[in-house]
Amino acid sequence: MPLYIKLYDDFIGPAYREPMEKYMHMCVAMLEEKGIQVVMADKICRIAPEFEEAADKFNAEDVDAVIT
C-alpha cells in the first residue's frame with residue numbers, strides 16, 4: 001500500500017512525494033520480478049478515507065499481505 005501521510009505534504013513539502021513514488025515503483029518491480037502478483041491501491045494513501053478505500057479494494061481482491 002502506498003503510504004504517504006499527509007503530514008509530509010503539510011510540513012516537509014510535496015517535493016518529497018516524487019522520490020517516494022519512484023522508490024515505491026522500484027519495489028513493486030522487484031516483487032513482480034520474483035513472480036509476486038502486486039495489487040496497488042488506486043492512489044497514494046495519506047488520510048483515513050484513502051486508507052479505508054485501499055483496504056476495501058484489498059479485501060475485495062482477497063490479497064494475502066499488505067506492504068507499507
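What the table below lists for this structure:
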read-out: Residues (modelled with pLDDT of 80 or more, more than 16 Å from Phe58 (Cβ to Cβ) and small (Gly, Ala, Ser)) located in the range 1-45; value: Ala29, Gly35
read-out: Test: residue in the range 49-56 that is within 12 Å of the chain's Cα centre (by Cα) and small (Gly, Ala, Ser); value: yes
read-out: Subset of the range 57-68 (residues that are over 12 Å from the mean Cα position of the chain (by Cα) and either open to solvent by 100 Å² or more (accessible area, probe 1.4 Å) or acidic (Asp, Glu) (or both)); value: Asn59, Glu61, Asp62, Asp64
read-out: Residue in the range 1-33 that is least open to solvent (accessible area, probe 1.4 Å), counting only those that are of a type in the set (Val, Ile, Thr) and assigned to a helix (DSSP H, G or I); value: Val28
read-out: Every pair of residues 6+ apart whose Cβ atoms lie under 9 Å, when the first sits in the range 34-56 and is under 20 Å from Leu7 (Cβ atoms) and open to solvent by 70 Å² or more (accessible area, probe 1.4 Å) while the second is not in a loop (DSSP other than H, G, I, E, B) and not hydrophobic (A, V, I, L, M, F, W, C); value: Lys43/Glu50; Lys43/Glu53
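The values are calculated or read from the model by the stated rules, or taken from the named source; none is laboratory data. Everything quoted here is computed from the prediction, not taken from an experiment. A quick note on method: Cβ atoms are made from the backbone with ideal geometry, for glycine too, and the neighbour counts reach across all protein chains shown. Accessible surface areas use protein heavy atoms only, side chains included; no ligands, DNA or RNA. Shrake-Rupley method; radii C 1.70, N 1.55, O 1.52, S 1.80 Å.
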